[in-house]
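Inspection log for the structure reproduced underneath, given as C-alpha cells.
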Amino acid sequence: MNFTELGLTKRVSAALEALGFAEPTEIQQKAIPIIVAGRDIMASAETGSGKTAAYALPIIQNLKGTSERKPRCLVLVPTRELALQVQSQFERFSNNSGMRTVTVYGGTGYEKQTRLMRRGVDVIVATPGRLFDHIERGNADLTNVTMLVLDEADRMLDMGFLPQVRRIVTEMGKRRQTLMFSATISKTVERIAAEFLTNPVTVQVNTSQVEPSTIEQRIYHIDEAGKDALLVQLIQDEPEMHSVLVFAKTRRKAAKIRKRLCASNVTAEEIHGDISQSQREKTLARYREGRFAVLVATDIAARGLDIPAISHVVNYDLPMTAADYVHRIGRTGRAGRSGIALSFVCADQRHLMRDIEKITGRPMDPNAPQQNDSSDQNRSSKPRSGASRRFRAPRRRTAG
C-alpha cells in the first residue's frame, strides 16, 4: 500500500517518497483515510509508530492552497519538547510550501511568539498553559480554527491541563474536526473524548501488547543505596550502552545521578525543569550528535523527545503509573529498531511492577514465582523474554 491509496494527493505522496517514505506505517494506514474523510478520530499507537505524520499529512493537504492571517489548525501537546518535534515534522512534510507554523510554549518570552502569531500563521503547535496565557492577553485568535489535534492526550490529563484545554476549545468555532491521539485509551481518556469529539472513529494499533514489541526488558532487584554503583557498572561493563536515557523521579535526583556518573568518568548531561529551554535544546543537540553517552532526565522534560537512536532506557526510579512506564521505554526501540529497557526495583516497589504487568500483559520478572499456583498445571508454558537479576550495594572504595 502507498500513500496515494490512503487518500493523499500524488503531490504529497511524491514529496514523501523524496524524503524516503515509501510505505505508510500501520497507524498511518488506519488513521489517514479517516482524517481525509473529515471524521473525528480517537487513536492510540505505541511511541515511534509514526503517529505525528498520521495527522500532519492530512492537515497539510487540507490547508494547502489557501492563505489567511488567522490560524486554521491547532495542535495541543503536553511539553515544549514535543511541540518543537511536531513543528519540525510539519515543516519537513510541507516541503517548503509556504505553510506557516508557530510553536507556543513556556520557558521563553512572549514577544516573539506574539509577533509571529499576529504576522499570520496556518498551524499553531502549543502547550495548553502558554496558549491559555496568550488567549488571556488577547494575543491568540482561534476563531478560524477548523482542525484541532490533542496529541498525547493521556499525558495532558495527567499533567492537569484539562481546564486550560476546555477554555481553549471555547475560543474556536463549533464546526471543527478533532483528532485525538493517546498512547493508551483509558476510561478517563474515553470520557474526555466524548466531551471534545463528535461521533469519533476509534483506531487502536498494537493493542495486544502495549509496550513496543522490539524492546527487551530487564529488571534489577536492588536497594536504593546500590543504584548509583549498579548504573556505573552497567554502563562501564557493556560497550553497547552507547546512547542511554536514564529516568529519575525528581530534578534533584537527576542532578545527583549526573554528578555520580561524571565522577566515575562516564560522560553525562541532565535535562529537567530547572534547566532553561535554550540549554535543554543545546544539550539535546549534543546528545543526538553522540557527544556524550548518558542523558539523565525527569518524565516531564523527556516527554516527546525526538531522539531516534537511543540504545537503552534505564528506569533508575520506577514511575508511579504503568502508563508512564510505557512512555518511558518507548524512547528506545523506535521505528522498528531493537532496544533495551532496564529497571531498578527496590523491595517496596513490587506493587508498581504488578501495575505495569497488568497494562503490558507480560511479567517484568520472569523468574518470580507465580502467585496462587498450587500445581505446575497452572504455570504458563510460554517462554519469558525478560531478565531478572539481584544486586547488593557494593562497598565504596576509598581513594588510596
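The values are calculated or read from the model by the stated rules, or taken from the named source; none is laboratory data. Bear in mind the structure is a predicted one, so any value in this text is a computation, not a measurement. Quick reminder, even Gly has a Cβ in these numbers, built from the backbone with ideal geometry, and neighbours come from all protein chains shown.
Observations on the model:
- Gln277 falls short on exactly one of the conditions (1) within 28 Å of Arg350 (Cα to Cα); (2) surrounded by fewer than 19 Cβ atoms within 10 Å (Cβ to Cβ); (3) of a type outside the set (Phe, Trp, Tyr); (4) in contact (Cβ under 8 Å) with a residue 60 or more places away in the chain, and that condition is (1).
- Residue check, Arg218 under 21 Å from Thr321 (Cα atoms), over 20 Å from the mean Cα position of the chain (by Cα) and without any contact (Cβ under 8 Å) to a residue 40 or more places away in the chain: no
- Reported count of residues in segment 246-272, each being closer than 30 Å to Gly109 by Cα and exposed (fewer than 13 other Cβ atoms within 10 Å of the Cβ), is 2.
- The listed residue being crowded, with 19+ Cβ neighbours inside 10 Å, polar (S, T, N, Q) and outside the structural domain of Ala45 (by TED's automatic domain parsing), out of Ser243, Ser182: Ser243
- Restricting segment 68-89 to residues that are touching a Ser or Thr at 6+ places or on another chain (Cβ under 8 Å) and part of a loop (DSSP other than H, G, I, E, B), the residue that is surrounded by the most Cβ atoms within 10 Å (Cβ to Cβ): Val77
- Taking the conditions (1) farther than 22 Å from His327 by Cα; (2) in the same structural domain as Ile310 (by TED's automatic domain parsing); (3) in contact with a strand residue (DSSP E or B) (Cβ under 9 Å, 6 or more places away or on another chain) in turn, Val169 satisfies each one other than (2).
- Per-region count, segment 38-59, residues outside any helix (DSSP H, G or I) and touching a strand residue (DSSP E or B) at 6+ places or on another chain (Cβ under 9 Å): 8
- Scanning segment 90-99 for residues that are surrounded by 20 or more Cβ atoms within 10 Å (Cβ to Cβ) and within 19 Å of Thr127 (Cβ to Cβ) gives a single hit, Phe90.
- Residues in segment 248-273 that are under 22 Å from Met353 (Cβ atoms) and at pLDDT below 95: Ala248, Lys249, Thr250, Lys253.
- Candidate set: segment 332-362, residues that are out of contact with any helix residue (DSSP H, G or I) (no Cβ under 7 Å at 6 or more places or on another chain) and in a loop (DSSP other than H, G, I, E, B); chosen: the one modelled with the lowest pLDDT: Arg337
- Segment 141-157: number of residues that are in contact with a Leu (Cβ under 7 Å, 6 or more places away or on another chain) and more than 22 Å from Ile192 (Cβ to Cβ): 0
- Single condition Glu211 does not satisfy, out of (1) loosely packed, with under 14 Cβ neighbours inside 10 Å; (2) at pLDDT below 90; (3) farther than 18 Å from Ala297 by Cβ: (1)
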